[in-house]
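Every number here is computed from the coordinates shown, using simple stated rules; none is lab data. Here the structure is a predicted model, which means the values were calculated and not measured. Cβ placement follows ideal geometry from the backbone for every residue including glycine, while neighbour counts extend to all protein chains displayed.
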Amino acid sequence: MKKLILYLILGLVLFGLPLIAYTSEEYNGASKCKVCHIKTFKSWQETKHAKAMESLLPGAATEAKKKAKLDPAKDYSNDPVCMQCHTTGNNPAFPGIQCEACHGPGVKYSAMSIMNKSKWAENPDGQRKLAIEAGLVIKPEEKNCKVCHNEKSPTFKPFDFKARYELIKHPK
Ligand code: HEC
Ligand code: HEC
Ligand code: HEC
Ligand code: HEC
């Protein structure tokens, strides 16, 4: 009996800890960014990124699925493989490719002490430095997109950063 408990504890330490570390990754979700970046949020909402979970539903994007040898009648919206790229942080609580999929997990950098309008106006370089140290990717690049836009995607299309970026960029 003692041995069993010991093994249980060992199992928890070995396999439980990475699980906890994973679930505590510090994502806010786009609704948090929305509060202060409303214009960007609204335009993002119209992109395919915001709606990427819809493609996983049965009956959606049937031609693309057939071409990729996927089953158009199947519900893929709980499939852990698809979650990796069709959610943010591999977490169905954050459906679609939200702000933090490109800009980095945001609990730390979106704090009021960092993303603060008056502090930022007074000292933009200093605030920007704090934000970057807290994990903000200010200007996502090709490598940030290729985390998902790669050959592991069943519907992969070669990724030309310049051309594709034009289709999703924020309004000025
Ligand atoms: C409390 C309000 C607030 C929240 C919440 C917030 N931001 Fe910000 N953010 C700001 C302000 C203010 C600035 C400074 C630049 C400005 O005035 O637009 C800024 C700057 C930025 C910048 C850099 C812009 C530059 O000029 O270098 C990025 C990128 C950014 N935010 C993304 C996000 C993301 C992603 C989230 C959600 C995870 C988020 N912000 C949450 C208020 C906020
Ligand atoms: C977290 C994964 C992920 C990241 C990061 C990501 N994308 Fe995507 N992207 C997707 C998925 C999934 C779709 C398909 C959405 C759908 O139609 O269901 C998509 C669709 C698109 C589309 C619309 C389809 C098309 O090709 O016309 C564009 C454009 C695009 N992404 C550009 C980018 C760019 C540029 C970046 C980087 C700045 C980027 N993406 C980062 C996952 C991602
Ligand atoms: C597909 C990747 C991607 C997603 C998703 C994304 N962004 Fe961005 N964002 C970028 C890129 C790339 C830039 C750099 C723009 C430039 O410098 O031309 C940027 C720039 C910004 C900036 C700097 C000022 C500006 O508008 O150029 C802010 C603020 C910002 N993003 C906020 C957000 C918020 C808030 C969300 C979610 C509602 C979001 N982003 C979603 C890729 C993304
Ligand atoms: C490695 C990341 C990744 C994985 C894993 C992934 N996708 Fe995607 N998915 C993408 C990207 C990126 C796009 C945008 C199309 C492209 O590849 O350029 C996309 C687009 C799609 C589309 C829309 C295609 C269109 O042309 O309208 C469907 C449908 C889709 N994926 C279904 C799935 C299903 C089902 C799974 C799981 C079996 C899955 N994806 C797994 C990254 C991924």
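The packing ranking of peptides 49-60, 131-142, highest mean first, is 49-60, 131-142, where packing means the average number of other beta carbon atoms within 10 angstrom of each residue. Within the chain, the percentage of alpha carbon pairs spaced more than 22 angstrom apart rounds to 55%. Along the axis of the charge dipole computed for the chain (Cβ charges of +1 for Lys and Arg, -1 for Asp and Glu, origin at the Cα centre), the listed residues HIS49, PRO80, ILE168 are led at the positive end by ILE168.
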